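I have placed the structure first, in the form of structure tokens, so that the comments after it can refer back to it.
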């Protein structure tokens, strides 16, 4: 009986069922500006590129909290950051303050996203990604994580790192589907990463895990079709905005 109790306590220390994870979203602003130059009809004219770089920080940092408990997660904006340099509002782009609820038992995702002047409530099934798990590892927020790679929206390459010490199979934004919690994501095509900075397990109010309710109800497929129609004349810039919205 004593051995059984010790084993139970050890298992509780190894595997985490509920808590809160802080994610740091890091966007390489200079690389975004250089991508805009690649789209420009006059790539030799770099003056406006240099001026824009002086206005913005090299990296834009934002923070999100992911609450998880009993196979459900809620991802929402976290603490604010005081920026020394602030990018123009138009440069921030759409869908920067997403609220995303996942129920992995029912395979349902409900997302609230601000897209230009509209707020959408996307009610759909959870995204399926064909992950390929590798043998590479990386330590994130004190957890040894295994690397996996996948593709979303037909051509957008995603790198993820997950730990099986956290039982819920979720992650930042709408990423999930690996045998544990995703603590790191990198998407080179949009020059953005999400990495966990810390985990809290004590005194975490998981009662906040509930679906968002604000916005025009729409499915993911309907939203993507609408955006493709509206952004088709925006070239590569429009395509990157589409990717940012649909992640």
**Request:** Would you calculate, for the chain, the mean residue ellipticity at 222 nm contributed by helices, counting each DSSP H stretch of 4 or more residues as -39,500 (n - 2.57) and dividing by all residues, to the nearest 500?
**Result:** -7500 deg cm²/dmol
**Request:** Run the quick spin-label model on residue 79 and residue 132: label points 7 Å from Cα toward the beta carbon, then report their separation in nm to one decimal.
**Result:** 3.9
**Anisotropy class of region 185-247 from Cα gyration tensor, a/c 1.5 cut** = oblate
**Taking the chain and dividing mean pair separation by its residue count, relative contact order in percent (alpha carbons under 8 Å, at least six apart)** = 22
**Prompt:** In terms of the Cα gyration tensor, with a ≥ b ≥ c the square roots of its eigenvalues, is region 95-247 rounded because a/c is under 1.5, prolate because a/b exceeds b/c, or oblate?
**Reply:** oblate
**Prompt:** Quick one: which of 200-210, 62-72 comes out on top by average Cβ neighbours within 10 Å, and what's the full order, highest first?
**Reply:** 62-72, 200-210
**Gain upon complete extension [residue 117, residue 226; 0.36 nm per residue less C-alpha separation]** = 37.8 nm
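Bear in mind these aren't lab numbers, they're just calculated from the coordinates by the rules spelled out. All values derive from a computational prediction rather than experimental measurement. Note: ideal-geometry Cβ built from the backbone for every residue, glycine included; neighbour counts use all protein chains shown.
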